[in-house]
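In what follows, a single structure is set out as structure tokens and then discussed.
The values are calculated or read from the model by the stated rules, or taken from the named source; none is laboratory data. Values in this document were obtained by computation on a predicted structure and should not be read as measured data. All Cβ positions, even for glycine, are placed from backbone atoms using ideal geometry, and neighbour counts span all protein chains on display. The protein model used for the area step is the full one, side chains on, heavy atoms only, and it has no ligands, DNA or RNA in it. Shrake-Rupley method; radii C 1.70, N 1.55, O 1.52, S 1.80 Å.
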Amino acid sequence: MNVLVIGCGRLGRRLAELLDEHGHDVAVVDSEVDNFRMLDEDFNGMTVTGFPMEMKVLRTAGIESCDAVAVCTPDDNLNITISQIAREFFNVRNVVARISDPGREKVFKRFGLKTVCHTKLAGDAMFTALTQPWDSREVTFGTATVAFHVKEADRSWIGQPVAKLPCDPGETPFGLVHADGTMQLSAGRKDLYVTDNDRIVFAMMID
């Protein structure tokens with residue numbers, strides 16, 4: 001895709017670098033030229049300095065041939081205005097805007113705009129980390145789905161090699177999560193042993 005990223009702060013830079021790494025054509029607009037110096041030295045996209053509400057700046061950045069626009073400035077009001085310009089004036093259908101205030105999501109939706117609210121995302125992530133830190137997860141790769149779940153190490157497992165731990169049918173040990181939060185993958189290793197306060201991650205093909 002040809003993607004225009006508005007705003008080269010931490011979020012805009014990260015998004016632009018990810019898009020570039022995945023082979024998309026990326027242009028980044030920011031009013032502060034110094035922000036572009038923070039981009040990864042391997043970044044291959046285009047940078048345009050200027051106020052992003054100016055039509056000339058947007059045209060220079062290639063908005064007229066864009067497949068998508070991501071509006072990532074820290075100003076909710078600026079983001080909604082630029083998003084509307086991208087959709088209504090330049091007819092870009094795929095527009096996603098960052099917002100900080102969850103209460104403004106309804107305003108964006110009334111204009112048919114997609115939003116990402118980092119305040120809500122961070123709140124949801126912290127809630128999960130506090131209340132459900134070891135919930136099971138399912139991950140799909142192509143047409144295959146793998147289920148991961150975590151068990152606290154039984155006292156009898158301490159000192160035992162991970163590769164020889166008892167498993168449910170179809171399961172295999174995937175790795176260890178230590179008390180300090182670090183993780184070691186099993187990957188068939190015979191020299192990985194369970195230590196005190198470890199949790200073991202088991203994997204199972206379910207589809």
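If each Cα of the range 31-106 is one equal point scatterer, what is log10 of I(q)/I(0) from the Debye formula at q = 0.19, 0.20 Å⁻¹? Values, matching the q order: -0.88, -0.96. Calculated [222 nm] ellipticity per residue, helices only, for the chain: -7000 deg cm²/dmol; basis is -39500 (n - 2.57) per DSSP H run with n ≥ 4, divided by all residues, nearest 500. Counting protein heavy atoms only, the chain has 53 percent of its accessible area on carbon and sulfur, 1.4 angstrom probe. Here the contact order of the range 1-66, divided by its residue count and restricted to Cα pairs under 8 Å and six or more residues apart, works out to 34 percent.
Taking the alpha carbon gyration tensor of the range 28-70, multiplying each eigenvalue by 5 and rooting it gives semi-axes of 18, 13, 7 Å, largest first. Please tell me the relative contact order of the chain in percent, rounded to the nearest whole number, where contacts are Cα pairs under 8 Å and at least six residues apart. Contact order relative to length: 14 percent. The magnitude of the dipole of the range 77-119, with charges of +1 and -1 set on the Cβ of Lys/Arg and Asp/Glu and taken from the Cα centre, is near 120 debye. Using a 10 angstrom Cβ neighbour count of at most 11 plus a DSSP loop assignment to flag exposed trypsin sites (Lys or Arg not before Pro), which longest range of the chain is free of such sites? Segment 94-189 is the longest. Each Lys or Arg adds one and each Asp or Glu takes one away; over the other residues whose Cβ falls under 13 Å from the Cβ of GLU17, this sums to -2.
Using a Förster distance of 22 Å, how high is the FRET efficiency between ASN94 and GLU54, based on the Cβ-Cβ distance and rounded to 0.05? Calculated transfer efficiency: 0.50. Remark: the chain carries 60 Å² of accessible area per residue (probe radius 1.4 Å; ligands, DNA and RNA excluded). In terms of its Cα atoms, the range 86-205 spans 65, 32, 21 Å along the principal axes, sorted from long to short.
Subtracting the Cα-Cα distance of GLU64 and ASP135 from their residue separation scaled by 0.36 nm leaves 21.1 nm. The orientation-averaged projected area of the convex hull spanned by the Cα atoms of the chain comes to 15.2 nm². The simple spin-label model puts a point 7 Å past each Cα toward its Cβ; for GLU105 and THR145 those points are separated by 2.5 nm. Here the dipole of the chain is about 520 debye; that uses its Cα centre as origin and unit charges on the Cβ of Lys and Arg (positive) and Asp and Glu (negative). Each of ASP42 and CYS167 was given a label point 7 Å from its Cα along the Cα-to-Cβ line. The distance between the two points is 3.3 nm.
Contact order, relative form, for the range 150-192: 36 percent (alpha carbon pairs under 8 Å, 6 or more residues apart, mean separation divided by residue count).
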